[in-house]
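Scroll down for the structure; my scribbles are underneath it.
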Amino acid sequence: MPSLGLLLEEPIYESYNNRVATTINAKLEPSHPDYRPPITFEPYREAINVFKQKYIYDNMRLVEDRNGLFDSWMRHLDAYSGTDLLYLNLKGIIPPQAIIKKNERRENPFREKKRFDATSFSVDDDAAKAVGDEDEEELSLSKKDLADTEG
């Protein structure tokens, strides 16, 4: 899956804040030097949202508009005709055909293209070509290595 859309919205410190409140802070006044205030991002919410829009969301949209990376990945999934992805279904069950078994050769194993693993995208033409739609070269692997990667 393309890393382009991966984003950690914010870390959650709820369990830490609860633990500190019931152990360390329970016996202390807020003015005490060992008192630990709860960790919260609410005072910075507006600045965080402006930052995410300017440096993350706008960049994600720019890269997708320019390279069509996510659209290309979805088309790659749709074109796959093997059984490896049968677990992606409406019922949420994993059919036996989708289970990859060790030392069992699969007829049409799913292989994701390297361009979908890119984590940075430059504006120059060389980078655009690197994530383009051309077919990738297959790595030359021995039969033993190839069998190991099959499961």
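Taking the condition of being part of a helix (DSSP H, G or I), surrounded by 12 or more Cβ atoms within 10 Å (Cβ to Cβ) and not aromatic (F, W, Y), how many residues in the range 57-70 meet it? Spell out how you get there, then give the answer.
Taking the range 57-70 as the starting set, the residues that turn out to be part of a helix (DSSP H, G or I) are 57-67, 69-70.
Now drop any that are not surrounded by 12 or more Cβ atoms within 10 Å (Cβ to Cβ), which leaves 57, 59-60, 62-64, 66-67, 69-70.
Those left that are additionally not aromatic (F, W, Y): 59-60, 62-64, 66-67, 69.
Final tally of qualifying residues: 8.
Of all the residues that make up the range 18-50, how many are open to solvent by 100 Å² or more (accessible area, probe 1.4 Å) and either in contact with a strand residue (DSSP E or B) (Cβ under 7 Å, 6 or more places away or on another chain) or outside any helix (DSSP H, G or I) (or both)?
Total meeting the criteria: 4.
Return the pair list, or none, for Cβ contacts closer than 6 Å from residues in the range 40-52 that are at pLDDT below 95 to residues that are surrounded by 10 or more Cβ atoms within 10 Å (Cβ to Cβ), at least 6 apart or on different chains.
F41/E10
Determine whether S15 is closer than 30 Å to N108 by Cβ, polar (S, T, N, Q) and part of a helix (DSSP H, G or I). Give the derivation first.
Values: closer than 30 Å to N108 by Cβ: no; polar (S, T, N, Q): yes; part of a helix (DSSP H, G or I): yes.
In short, no.
Here are some residues: R61, R66. Which one is within 30 Å of K114 (Cα to Cα), without any contact (Cβ under 8 Å) to a residue 12 or more places away in the chain and of a type in the set (D, E, K, R)?
Values: R66 fails: without any contact (Cβ under 8 Å) to a residue 12 or more places away in the chain.
From the options R61, R66, the qualifying one is R61.
Restricting to the range 72-103, count the residues that are within 16 Å of F116 (Cβ to Cβ) and open to solvent by less than 70 Å² (accessible area, probe 1.4 Å).
7
The values are calculated or read from the model by the stated rules, or taken from the named source; none is laboratory data. Keep in mind that what you see is a predicted model, and the values were worked out from it rather than measured. We place every Cβ from the backbone using ideal geometry, glycine too, and count neighbours over all the protein chains shown. Heads up: the accessible areas ignore ligands, DNA and RNA and are worked out on the full protein's heavy atoms, side chains in. Shrake-Rupley method; radii C 1.70, N 1.55, O 1.52, S 1.80 Å.
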